[in-house]
Amino acid sequence: MIWSWEFVAEITPDLLKGLVVTVKITLISSVAALSIGLFFAIAKMSSVDLVRRSAVLVTETIRRTPLLVQLYFLFYVLPDIGIVLSPMIAGTIGLGLHYGTYVSEVYRAGIINVPAGQWEAARACNLTTRQTWTEIVLPQAIPPMIPPLGNYVIAMFKETPILSAITVLDLMGEALAKANFSYRYLEPITLVAVGFLFVSLCSAALIRLLENYLKRQAA
Amino acid sequence: MGLHVASRAPDCQPIIEFRNVEKSYGSLKVLEQLSFSVKAGEHLALIGPSGSGKTTILRILMTLESVTAGDVIVNGVCLNHEQRGGKQVPSSEAHLRRMRGAFGMVFQHFNLFPHKTALQNVALAPVLTGSLSKAAAKERALQMLENVGLADKAHEYPSRLSGGQKQRVAIARALALQPKILLLDEITSALDPELVEEVLNVITNLRNETDMTMLLVTHEMGFAKDFSDRVLFFERGKIVEEGPPSEIFLSPHHERTKSFLRKIIAAGHRL
């Protein structure tokens, strides 16, 4: 099989459209994962036993089953009980929920790593609970969370091709459509790899910059 | 003309009173049927072996711990209960915040806020509790830092201060809300020996120049002797012996006090 630049030129516009969809899904799923993760983290640290236990049960179940199975569930099983989701919505919920469980651990670790003495000093300064969180705990807990959260966003980005299994036309979905139509896999799949590599490298560099900035702030 | 009317509470009125206080963690009893009181303006030293409950007393007063049974009365008001609808109920957070205003606390490990400068550490509480405007809080914080000899370090972050300097900032922070009662929890235990004196000098000045009530938990027996009006010797959550420092340190009655002091002196501490 010989590389055809002609074919590359023909499919690139649609693949770029797919790349835009991929990035969009990653961004929306990231916001979903960061919010869902926060919800799980708070639940896992709740003083109410029942809330804490159910949160652990739910997050462990999600974490210990494959994302692909969860996506099939959301897209192909839920319609049986009357819940029909578009591929995009099902994909975003799936990614957000799956990664939200990982993200919740990052939050939890970040908060737990703030020493007890900081909470006590805040109380001795007679701060309110809200002020303790906003002025003392979160400013110390958030900077160390940034690198692992960034890595999860990149991991999520690399995981989006799996959404083609529920007919999302992301970069992978577009490439597969072209390949199946023309029986040429070399160019579309190579372009998919290049696209992912390019965006991954850019975001990794961005996170490295942010990390260095935070380190300089802390020093 | 009312000039002869005493403006301060009579000396018989205690500022702090522990009534049959118990504290336990599970099956571990830390304080047992503990009763004692502190007069306004008194300088009290709490000594005794590790785990005897001294620190727990300070932590209960700062509302970092709750009591298992008994009552703690501060300025005539119960700390661990409040009256609501004619009933006694456990203290709400609002009640605890009102009560906390009477106290300042200095911790063994300083517990400065690492993401704030020395000045911000000191000015934080007055601004956030709304007791001072930003400008006034900054002015007072600078004054406080000057009092502890650290005016030139106002804009440094804690990571760039020595242990002794950190602890002096922490003292300034504890004083920023102008507490009536200052709680000092082993404030020199985490310091290198050569840094202890600078911190103790600050406390001595506070002792001599203010009328604050001060509770000191310490293993520095020499300092406890010079600092205190009264010493309480604790063991296993109970007061074994109490009295003026001259008596406790020079002619203790109780065998346990004697053996504790012997051990402390053998460990190289001066009296």
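The values are calculated or read from the model by the stated rules, or taken from the named source; none is laboratory data. Small disclaimer: the values here were computed from a predicted structure and weren't measured. Cβ sites come from the backbone with ideal geometry, for glycine too, and all protein chains shown count toward neighbours. These area figures cover heavy atoms from the full protein model, side chains too; ligands, DNA and RNA do not enter into them. Shrake-Rupley method; radii C 1.70, N 1.55, O 1.52, S 1.80 Å.
Could you check the simple spin-label distance between A:Ala109 and B:Glu156, using points 7 Å along Cα→Cβ, in nm with one decimal?
It is 3.4 nm.
Keeping all protein chains in place and using 1.4 angstrom, which order do A:Leu209, B:Leu112 fall into by accessible surface area, from largest down? Don't skip to the end; give the middle numbers.
Details: A:Leu209 120, B:Leu112 15 Å².
Order by accessible area, largest first: A:Leu209, B:Leu112.
Which of the listed residues, B:Ile171, B:Ala135, B:Pro114, is farthest toward the dipole's positive end in the stretch B:108-176, when Lys, Arg count +1 and Asp, Glu count -1 at the beta-carbon?
B:Pro114
B:Ser246 versus A:Trp3, label points 7 Å from Cα toward the beta carbon: distance in nm?
Output for this residue pair reads 9.8 nm.
Per residue of the stretch A:101-109, in order, report the coupling 6.51 cos²θ - 1.76 cosθ + 1.60 (Karplus, θ = phi - 60°) as ³J(HN,Hα) in whole Hz, putting x for Gly and Pro.
So the Karplus estimates, Gly and Pro as x, are 5, 5, 4, 4, 5, 4, 4, 4, 4 Hz.
Taking the highest mean first, how do the peptides A:152-161, A:95-104 order by number of other beta carbon atoms within 10 angstrom per residue? Kindly include the intermediate steps, with their values, before the conclusion.
Values: A:152-161: 18.5, A:95-104: 23.5.
Top of the packing list down: A:95-104, A:152-161.
So what J values fall out for the stretch A:169-184 if you push phi through Karplus, 6.51 cos²θ - 1.76 cosθ + 1.60 with θ = phi - 60°, rounded to Hz, Gly and Pro as x?
Values, residue by residue: 8, 8, 4, 5, x, 4, 4, 5, 4, 4, 5, 5, 6, 9, 6, 10 Hz.
Please report, to two decimal places, log10 I(q)/I(0) for the stretch B:193-271 at q = 0.16, 0.24, 0.27 Å⁻¹ as given by the Debye formula with identical point scatterers on the Cα atoms and no solvent.
One equal scatterer on each Cα of the stretch B:193-271 leads to -0.64, -1.24, -1.40.
Residues with amide H under 5 Å of B:Val30's amide H, sequence separation 5 or more or different chain, H placed in the peptide plane at 1.01 Å from N; which?
B:Lys23, B:Ser24, B:Tyr25
For peptide B:107-115, compute the average count of partner chain beta-carbon atoms within 10 Å of each residue's beta-carbon.
Neighbouring Cβ atoms belonging to other protein chains average 5 per residue here.
On the accessible surface of chain B, probed at 1.4 Å, how many percent belong to carbon and sulfur atoms?
Carbon-and-sulfur percentage of accessible area, whole number: 49.
Please list the three semi-axes, largest first and in whole Å, of the ellipsoid equivalent to the protein assembly as shown, using sqrt of 5 times the eigenvalues of its alpha carbon gyration tensor.
Taking √(5λ) for each eigenvalue gives 62, 25, 21 Å, largest first.
Report the rotationally averaged projected area of chain B based on its alpha-carbon convex hull, in square nanometres.
17.4
Which value, in debye to the nearest 20, describes the size of the charge dipole of the stretch A:5-218 about its Cα centre when Lys and Arg Cβ atoms bear +1, Asp and Glu Cβ atoms bear -1, and nothing else is charged?
620
I need the Kirkwood Rh of the stretch B:108-176: take the reciprocal of the average 1/r across all distinct C-alpha pairs and report it in angstrom.
With all distinct Cα pairs of the stretch B:108-176 included, I get 11.5 Å.
What residues have an amide H closer than 5 Å to that of B:Met105, excluding those fewer than 5 places away on the same chain, when H is modeled at 1.01 Å from N in the peptide plane?
Under 5 Å from the amide H of B:Met105: B:Leu183.
Computed FRET efficiency, Cβ-Cβ of A:Ser200 and A:Asp49, R0 45 Å: what is it to the nearest 0.05?
0.60
Compute the accessible area per residue over the stretch B:108-176, keeping the other protein chains in place, probe 1.4 Å, unit Å². Provide the component values of the computation, followed by the final result.
Values: 2970 Å² over 69 residues.
That works out to 43 Å² for each residue.
HN-Hα J couplings of the stretch A:205-215 from phi, Karplus 6.51/-1.76/1.60, θ = phi - 60°, integer Hz, Gly and Pro as x?
So the Karplus estimates, Gly and Pro as x, are 4, 4, 5, 4, 4, 4, 4, 4, 4, 5, 5 Hz.
Provide the convex hull volume over Cα atoms per residue for the stretch A:5-218, in Å³.
Details: hull volume 29.7 nm³, N = 214.
Enclosed volume per residue, from the Cα hull, is 139 Å³.
Along the Cα→Cβ direction, 7 angstrom out, place labels at B:Ala69 and A:Lys215. What is the inter-label distance in nm?
Taking the two extended label points, one gets 5.7 nm.
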